[in-house]
Amino acid sequence: METTRKPYEQTYYPPVPTKFTRHMRTNLLWQLFRFLVINVKMLRMVRKH
Amino acid sequence: MSRLLILGAGIAGHTAAMHARRKLRRPHEVMVVSPNSRWNWIPSNIWVGTGVMTPDQVTFPLAPVYRRLGIPFIQARAVNIHPEGNPEEPRPHVVVEHTGGERAGQTERIYYDYLVNATGPKLNFDATPGLGPGGHSLSVCTWGHAAETAEVLKENIARMKKGEQRTFLIGTGHGLCTCQGAAFEYLFNVEFELRRQKVRDKARIIWISNEQELGDFGMGGMLIRRGGYITHSRVFTESLFTERRIRWITGAHIREVAPGQVRYETLEGEQKEQSFDFAMLLPPFAGVGLKAYDREGSDITDTLFAPNGFMKVDADYSTKPYEEWSPDDWPRTYQCPSYTNIFAVGIAFAPPHAISKPLFSPAGTPIFPTAPRTGMPSGVMARQVALNIADMIHGRAEGAVRTASMAHMGAACIASAGNGTLKGTAVSMTMYPIIPDFRKYPDTGRSLRYTTGEIGLAGHWVKHALHHAFIYKAKAKPFWRIVPE
Ligand SMILES: Cc1cc2nc3c(=O)[nH]c(=O)nc-3n(C[C@H](O)[C@H](O)[C@H](O)COP(=O)(O)OP(=O)(O)OC[C@H]3O[C@@H](n4cnc5c(N)ncnc54)[C@H](O)[C@@H]3O)c2cc1C
């Protein structure tokens, strides 16, 4: 199976996250903040009709 | 006394029943007919399908809840609607066939003053030869299917642990499927599970879908602000696939599922094959096949239902090209135009057209997602319809006043991408409006402020919170009302 992206293949073109971006996805402090943001956004969504 | 009869106890029917019972003064009656004795939080079937949850964790028996709420519950399947009554029962009524207990197999007539059709989809596996658990592929659409799928996944993992290579094919099993989000979620959860079980290097994972491009999700894709750009959801989704080393086949209509192999046609007109060891492919949806008859017994199914079996409501069903589609085509009150005491909500109503652009292969095969109707809008429209009916019964309104058009409604969708309190992730998407409005938002079709997408642990927490909150609400426990639809 492929372990790296190969030129001209399907997976060569899309952006991939940097180590920092990946780290932030499970960084507790940042994700606690995002948890609040997502909840507020979802509640706004429910109210918007 | 008036009777509101609700067909179906899924997300839409159960929500309608709870709100109607809350609002309707007695002796007005709310009655529910549904063939399953258990309520299912369908979004969590994804976790049943990977073995992370058991069916008992995503279902509960309905009868005790309805008993407590004072809602008569009949475990039966609606078969025919007689909106004008007939010589045997002059009042409007539904013929049902019991599916549980001593009366299983017996039919009964149940009269109504108001009817809500919330029967959801028929999982139309027959549309593709060999598709589905009765054929050569798997499904996660019901908790039973999901539990079987988890067993097959377990066997495959065991074989990979012994050193075998396996190919996983996940996606949509027909050119006109919807609900891509569910298959996408399952795909990411399988990938996560294979990593967790340390067999990822033994697996080739392939996504196959009728979307023209990744990230369409049956919503025509969406544009979001990301990293200083306005980016299409295709870029975001392709990035997620690339990161997980998942290959994708898009614009595909599966013609046949043979043992270990699918044969498919592409939008470019090619006929191709793909082999697999494990295939979870969603079926297309149709209406559940209710029939309707007038007073004289003539078949009026075509009056009440669209050819795909979904119920016609206050939408604009005239045939028009994609360029002329308008947000106004979409229903507002979900009232049946031919019989104003009938409503259809959730997946049961007939959408006026797709949201994604209809595309055809050179041979004329339609290959595009049909319109999804996800949990949140299903719940919102069910509540509005229930409140409208309560008002009409109480004489507070002459017609349906509250609206719930998908063209003026937002949706939030959380797609789990892996489990674990500290390691799990989920894609969180919000969009407003669900139906793009290019008059109001000329470049993007949707508000960039309210249309967003991100992946992270927070989404996973939200997904878990929603699982518990919605099951709590569906059990009608104290203060259930504060949990929004
Ligand atoms: C695997 C999967 C994952 C999903 N994940 C998400 C998600 O994360 N977020 C989201 O928003 N949506 C999700 N969805 C979509 C969501 O489940 C649907 O939008 C929602 O269930 C629609 O509600 P409904 O009440 O219209 O249909 P259903 O929930 O399917 O309910 C239909 C009800 O009608 C009953 N019924 C069927 N036939 C008859 C009959 N003849 N007479 C009487 N009753 C009948 C059924 O037994 C059932 O009780 C997912 C769907 C699937 C399949």
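A DSSP coil position with no more than 15 other Cβ atoms inside 10 Å describes the following trypsin sites (Lys or Arg not before Pro) in the range A:11-49: A:Lys48. Computed per residue of the protein assembly as shown from DSSP H runs no shorter than four, each worth -39500 (n - 2.57), the mean residue ellipticity at 222 nm is -8500 deg cm²/dmol. Take each residue of peptide B:458-467, count the partner chain Cβ atoms within 10 Å of its Cβ, and average: the result is 4. Highest mean packing comes first when the peptides B:422-431, B:179-188 are listed by Cβ atoms within 10 Å, giving B:179-188, B:422-431. Toward the positive end of the charge dipole of chain B, about the Cα centre and with charges on Cβ (Lys, Arg +1; Asp, Glu -1), which of B:Leu422, B:Gly215, B:Ala348 goes farthest? Farthest along the dipole direction, towards plus: B:Leu422. Pop a pseudo-label 7 angstrom from the Cα along the beta-carbon direction at both B:Arg109 and B:Lys440 and give the gap in nm to one decimal. Placing both labels 7 Å along Cα→Cβ, they lie 4.6 nm apart.
In this structure the amide hydrogen of B:Leu282, modeled in the peptide plane, comes within under 5 Å of the amide hydrogens of B:Gly171, B:Thr172, B:Gly173, none closer than 5 places in sequence on its chain.
Within the range B:195-351, the ratio Rg/Rh, alpha carbon atoms throughout and Rh by Kirkwood, equals 1.08.
According to the Kirkwood relation over distinct C-alpha pairs, the hydrodynamic radius of chain A is 13.9 Å.
Only Cα sites of the range B:329-445 enter the Debye sum here, all with the same form factor; the resulting log10 I(q)/I(0) across q = 0.20, 0.23 1/Å is -1.12, -1.27, listed in q order. Hydrodynamic radius of the range B:317-361 by the Kirkwood approach over all distinct alpha-carbon pairs: 12.2 Å. Quotient of the Cα radius of gyration of chain B and 2.2 N^0.38 Å, N being its number of residues: 0.97. By the Cα gyration tensor, the range B:57-202 has an equivalent ellipsoid whose semi-axes, rounded to whole angstrom, run 42, 18, 14 from largest to smallest.
Relative to the Cα centre, the charge distribution of the protein assembly as shown, modelled as +1 at Lys and Arg Cβ and -1 at Asp and Glu Cβ, gives a dipole magnitude of about 2620 debye. Entry for the range B:168-243 at q = 0.25 Å⁻¹: log10 I(q)/I(0) = -1.16, Debye formula applied to identical alpha-carbon scatterers, no solvent contribution. Summarised in one figure, the compactness ratio Rg/Rh of the protein assembly as shown, Cα atoms and Kirkwood Rh, is 0.96. For the range B:259-312, place one equal point scatterer on every Cα, skip the solvent, and apply the Debye formula. What is log10 of I(q)/I(0) at q = 0.27 Å⁻¹? Reported log10 I(q)/I(0), two decimals: -1.02.
Quick one: work out Rg over Rh on the C-alpha atoms of the range B:274-410, Rh as Kirkwood radius.
A ratio of 1.03.
Coordinate-derived values only; no laboratory data. Here the structure is a predicted model, which is why all the values come from computation and not from measurement. Using ideal geometry, Cβ is built from the backbone for each residue, glycine included, and neighbour counts are taken over all protein chains shown.
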